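This report refers to the structure that appears directly beneath it.
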């Protein structure tokens, strides 16, 4: 009898063990999904346009030019950590504007403020896009400022914009009882009521005064947010006529909309990393803006630049704009616009910004000042700048993906002047079902690229997109602006495996 019971017990134990083993195997499979297999066909013998050397840019409020209470200016030629940081990040374009330059204007920068700005730009090897006040402004004062700058710092000037987001200027409206009132200024539906025709008349008046004082001036415009029709009208009315000195078409873009209207941080981060096929994704907004004005600019032979961008406006979205998701989004965003012919992007930032009448802390800034003047803390978005700089030195190469499992992955490539193949792979898969990707690089002349090295953009230990830290090449960017990340040899090239929520930058040579 005991033997029968023992046998039954053994059988039950065996069944239990098998069941547990199967459950464990299923759980393991769920925890580690099979890699999504992707083939990237890269036409290494068909290089296209050269990516501009000043593609990486930053944008700041004009209020950043004013001295602090202790008399120290932010932009100054002896700010060595900031100069080093910009050199590390590959930042070559500095745009000064924001709402404090125009509709939220308080007072103009002094000559000493301008001198300090351009001394910094010269020391850092940068070109400046400078916004001149249009709203309630004075053409003579705008001409004086432009002349002061061009007489002394023409070598550091890219161009001048006249006005900051004029579509969002307030307008005079009538109330139901016949009284007049000024509408609230701001971006988004229900706010932007200022007509292009009024702006055009004002722009023409200001431009004439400036050109008379500064015959070698260069303008950009119209510098509005996500309104391609303003750009096409501006090209028609001004940029197509050489006498108006327009050398660059500029638009602004915060593709996620207002930061304060995101239902949850999870939704905000998901939208940042979603592909363009998702209707409310940030990339879908990029496609719409591009289609609305870029073909017209290209037909007119004019370069275009997004001179003020970030993910969500009004200072960004809490627990979204400052997370590791912004690093992956920022890198993909930069590459998307580079692949679509943009001359560059200027990400708005700074310790504080002016979404309205008052300054607020910036959630979307790429870095912020540490207390006591001890350098800068680099937020995840800042790592996108360095990653882009490492992978973008050359001419764009056509990339076609074979992606049968619809992995959320983006791949871009360039060919450097020295013949190196540069490839950036961004795996935007995230969450419980996120998959690693096994990418095969199919090159039209594979023997030209026998070896490869890589740096990885990550957020140790588990690449959580909600984290607020990042590393590149195993290293953080230091408060003094230095970076000591390392390139690692790849043994299985041209097959590359990339974990979820990471990016890989490859350098391939003979």
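Values in this text are rule-based calculations from the coordinates and carry no lab data. Source: prediction; values computed, not measured. Glycine also receives a Cβ, built like all others from the backbone with ideal geometry; neighbour counts cover every protein chain displayed.
Descriptive notes on the structure:
- Using distinct alpha-carbon pairs, which all enter the 1/r mean, Kirkwood radius of segment 413-469 in Å: 14.1 Å
- Against the empirical 2.2 N^0.38 Å (N residues), segment 262-376 has a Cα radius of gyration ratio of 1.16.
- Alpha carbon centroid spacing (whole Å) that separates segment 89-152 from segment 31-80: 21 Å
- Length-normalised contact order of the chain in % [C-alpha pairs under 8 Å, at least 6 apart]: 18 percent
- Beta bridges from DSSP with both residues in the chain: antiparallel share about 50 percent, rounded to the nearest 5.
- In terms of surrounding Cβ atoms within a 10 Å radius of their Cβ, 418, 159 rank from fewest to most as 418, 159.
- Separation of the residue 462 and residue 484 label points, Cα + 7 Å toward Cβ, nm: 3.0 nm
- Simple spin-label estimate for residue 440 and residue 205 in nanometres, 7 Å along Cα-Cβ: 6.6 nm
- Dimensionless Rg/Rh of the chain - Kirkwood Rh, Rg from C-alpha atoms: 1.06
- Take each peptide in 465-473, 62-70, count the other Cβ atoms within 10 Å of every residue, and average; sorted highest first, the result is 465-473, 62-70.
- P(r) tail fraction, segment 362-410 - alpha-carbon pairs more than 18 Å apart, %: 58 percent
- Shown for 38, 320: other C-beta atoms within 10 Å of each C-beta, ranked fewest to most, produce the order 38, 320.
- Over the chain: helical MRE at 222 nm, DSSP H runs n ≥ 4 each giving -39500 (n - 2.57), nearest 500: -9500 deg cm²/dmol
- Segment 115-273: Rg to Rh, with Rh as the Kirkwood radius over Cα pairs: 1.04
- Fully extended contour minus Cα-Cα distance, from residue 276 to residue 171, at 0.36 nm per residue: 34.3 nm
- With the simple model of a label 7 Å out from the Cα in the direction of the Cβ, residue 510 to residue 45 spans 1.6 nm.
- FRET efficiency estimate (nearest 0.05) - Cβ-Cβ, residue 370 to residue 469, R0 25 angstrom: 0.95
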